[in-house]
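Enquirer: One structure, as structure tokens, below. Some questions next.
The values are calculated or read from the model by the stated rules, or taken from the named source; none is laboratory data. Small disclaimer: the values here were computed from a predicted structure and weren't measured. So basically every Cβ, Gly included, is an ideal-geometry build from the backbone, and we count neighbours across all protein chains shown.
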Amino acid sequence: MKESYEAAPSWREWKLVDIIYGIVIPSIVALLIIGVSMVSTPSLIGLKYPLLEAVVIVGVPMLLGLIWNQWAGGAAGFLLGSFYALYYADQLYASQGHADISLIGNLVSAMLIGYIAGALNKRSDNYRRMLIAGGTSGIMGSLFVLLVGQFSPIVGEASVGGVVLVFLPRVLAGVIVPLIARAFLRHGALQNRRYMPSAAS
């Protein structure tokens with residue numbers, strides 16, 4: 001019995017797709033991020049903060065929960081939620097002279113989203129299960145943001161528009177992030193099969 005491995009590609013075996021996905025697309029994304037951050041039109045400023053929230057305290061914790069486990073998702077939510085809360089606390093202090101309890105809602109929401117997504121999915125690559133896990137975690141995270149916002153002198157009682165703004169990025173992430181997580185898991189499984197030893201007689 002011999003163990004044979006499929007050799008990893010050598011440094012000479014570059015393909016056009018490697019350059020596109022490895023250099024071109026990440027560079028375009030980086031330029032877009034820099035461009036959006038430098039433009040100060042009111043419409044783009046209004047778009048930047050929901051996008052920041054959707055990526056930093058919703059998308060990343062949910063993704064890590066789905067592809068790894070609830071502990072990774074919860075820890076990512078805690079760390080990124082803390083950074084997000086500190087950033088906004090600084091912004092609020094500069095403009096209002098004090099921070100606000102609503103930021104705790106964002107922190108707890110990020111932790112819950114990552115943890116619940118991982119606890120319900122258990123690294124499954126079935127899109128329906130991932131969709132249920134992501135959607136449930138997004139809804140639960142939204143409810144906690146709204147709950148804590150009720151105690152905030154700045155946020156106060158949520159209007160219909162405010163409720164939509166809280167739910168929209170989290171529910172959308174619950175639909176989109178599972179697609180990304182599924183691609184990660186499928187790609188990882190393919191790579192593992194590729195480099196695993198195979199028995200040959």
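Enquirer: Considering the stretch 155-175 alone, what residues qualify as being among the hydrophobic types (A, V, I, L, M, F, W, C) and closer than 16 Å to residue 53 by Cβ?
Expert: The answer is 155, 158, 163, 164, 165, 166, 167, 168, 171, 172, 173.
Enquirer: Turning to a different aspect of this structure: Considering each residue of the stretch 173-186, count those that are of a type outside the set (Val, Ile, Thr), at pLDDT 90 or above and surrounded by fewer than 18 Cβ atoms within 10 Å (Cβ to Cβ), and give that number.
Expert: Residues in the stretch 173-186 being of a type outside the set (Val, Ile, Thr), at pLDDT 90 or above and surrounded by fewer than 18 Cβ atoms within 10 Å (Cβ to Cβ): 1 in total.
Enquirer: Go through 118, 149, 161 for me and flag whichever is crowded, with 17+ Cβ neighbours inside 10 Å and either farther than 22 Å from residue 87 by Cβ or in contact with a strand residue (DSSP E or B) (Cβ under 9 Å, 6 or more places away or on another chain) (or both).
Expert: None of the other options fit; the residue is 118.
Enquirer: Report the residue count in the stretch 127-155 for those that are outside any helix (DSSP H, G or I) and free of Cβ contacts under 8 Å to residues at least 12 places away in the same chain. Before you say what the answer is, go through the steps one by one.
Expert: First, the residues of the stretch 127-155 that are outside any helix (DSSP H, G or I): 150-155.
Checking which are free of Cβ contacts under 8 Å to residues at least 12 places away in the same chain leaves us with 150.
So the count comes out to 1.
Enquirer: Could you tell me which of the residues 25, 45, 33 is assigned to a helix (DSSP H, G or I) and at pLDDT 75 or above?
Expert: Sole residue among the options that is assigned to a helix (DSSP H, G or I) and at pLDDT 75 or above: 25.
Enquirer: Okay, next question. It is to be established whether one or more residues within the stretch 61-68 are small (Gly, Ala, Ser) and at pLDDT 90 or above. Explain how you work it out, then say what you get.
Expert: Looking only at the stretch 61-68, we keep the residues that are small (Gly, Ala, Ser), and these are 65.
Now drop any that are not at pLDDT 90 or above, which leaves 65.
Checked the stretch 61-68: at least one residue is small (Gly, Ala, Ser) and at pLDDT 90 or above.
Enquirer: Report yes if residue 119 is of a type in the set (A, V, I, L, M), modelled with pLDDT of 85 or more and assigned to a helix (DSSP H, G or I), otherwise no.
Expert: Answer is yes for this residue.
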